[in-house]
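Accompanying notes for the structure given below.
The values are calculated or read from the model by the stated rules, or taken from the named source; none is laboratory data. No experiment lies behind these values; they were computed from the predicted model shown. Cβ atoms come from the backbone with ideal geometry, glycine included; neighbour counts cover every protein chain shown. We work out accessible area using only protein heavy atoms, side chains counted, and drop any ligands, DNA or RNA first. Shrake-Rupley method; radii C 1.70, N 1.55, O 1.52, S 1.80 Å.
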Amino acid sequence: MPIQPSKKSSSSSSLPALELRLISKRFGETQALSEANLFVFPGEIHALLGENGAGKSTLVSIAAGRLAADSGEILRGGRTVRFAGARDARDAGLALVPQHDLLVGAVSVADNLALLDRNAPFVESARARRTRVARLAEAFGLELGGPDDRVDALPVGTRQRIEIAGALAGEPDILILDEPTAVLSPDETATLFAALRRQADAGAAIVLITHRLAEVFAGADRLTLLARGRTVKQCLIGETTAAEIGGLLIAGSGAGKARAPASHAPYSLSKKGALTRASKSATSGRPPHLRSKSFFPSLFPPASSSSFSPSTATGRTRSRPRSPG
């Protein structure tokens, strides 16, 4: 399906595709976020980590227009943006796949995918909608059920895969996935990561919430760690280990003194889809801001391990064919 060309220009490609600056959010007596920060660049898969209750889902819901922040700023390409709602954000090229699907249960798989695909025409034949289901299932390696199946009769795992396929179909500039692999098989997880890498290589910015460190070290380029609503670490994957991140997760949950896991070698995805350990992670061919150890926006105090130092880099400009009309 033809898609709109990217509005990113070469002059703004070195800027983060998405910036969440000093975001705070309170629900009653609960302070969910306290001046949290997130910077995601074009061409990268960015893992967002934290224990349950750290504020991850709240932060990405604010980014995607589903929630309003109490304070803070959202920027795209260096410009402040405000979304009136999730549909507004999706139309602007930012898609969120929530942890719990928001599909229309009373209609078919084909109809739901037509609603999710931002490139779908307003008027479309039933045959075209059915064809989309088969095309997306093949393209992304995800079992989506029959095109005429009612969604409310499908298992939870299938419903989640429909949400993921619908988001990927629109090729958003920024794609956020909240625990997408929780209901996927190992083979489906490997296939999903391959699809995400293709999107990132084309210039998209991918944010992945997961509790599985093997997935982070297998497929992500950079990570952000939240603890109790605050950003406590942002770094390239090659600048940390699973031992360090595991310890920070334990410390952030308040479970006591952090202890490193026994094994913390980085991981890689084999051609057959298995998660395997690797002695080192390759960085060749990645955009400069993924290879540099110092390319971060200057916002945090310099004394902290989560601090940032300004630098420059060139991200990838996404090229898209024009849609007719």
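Results, tabulated for the structure shown:
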item: Condition broken by ALA128, with the remaining ones in (1) in a strand (DSSP E or B); (2) surrounded by fewer than 23 Cβ atoms within 10 Å (Cβ to Cβ) satisfied; result: (1)
item: Hey, ALA139 small (Gly, Ala, Ser) and at pLDDT below 90 or not; result: yes
item: Residue under evaluation ALA139, criteria (1) closer than 24 Å to ALA220 by Cα; (2) assigned to a helix (DSSP H, G or I); (3) aliphatic (A, V, I, L, M); (4) touching a Pro at 6+ places or on another chain (Cβ under 7 Å), criterion not met; result: (4)
item: Output for region 56-104, where each listed residue is out of contact with any helix residue (DSSP H, G or I) (no Cβ under 7 Å at 6 or more places or on another chain) and acidic (Asp, Glu); result: ASP70, GLU73, ASP88, ASP91
item: Per-region count, region 155-204, residues over 19 Å from PHE217 (Cβ atoms), within 14 Å of the chain's Cα centre (by Cα) and in a loop (DSSP other than H, G, I, E, B); result: 5
item: Condition met for ALA134 (in a helix (DSSP H, G or I), open to solvent by 40 Å² or more (accessible area, probe 1.4 Å) and either of a type in the set (S, T, N, Q) or under 21 Å from LEU196 (Cα atoms) (or both)); result: yes
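Yes/no per residue for (1) assigned to a loop (DSSP other than H, G, I, E, B); (2) open to solvent by less than 20 Å² (accessible area, probe 1.4 Å):
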| position | (1), (2) |
| --- | --- |
| GLU51 | yes, no |
| ALA54 | yes, yes |
| GLN99 | yes, no |
| ALA114 | no, yes |
| ARG118 | yes, no |
| PRO121 | yes, no |
| GLU124 | yes, no |
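Residue-by-condition table, conditions (1) open to solvent by less than 10 Å² (accessible area, probe 1.4 Å); (2) under 25 Å from LEU20 (Cβ atoms):
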position: GLU138; (1), (2): no, no
position: LEU142; (1), (2): yes, no
position: GLY146; (1), (2): no, no
position: ASP149; (1), (2): no, no
position: ALA153; (1), (2): no, no
position: ILE164; (1), (2): yes, yes
position: ALA167; (1), (2): yes, yes
position: GLY170; (1), (2): yes, yes
position: ILE174; (1), (2): yes, yes
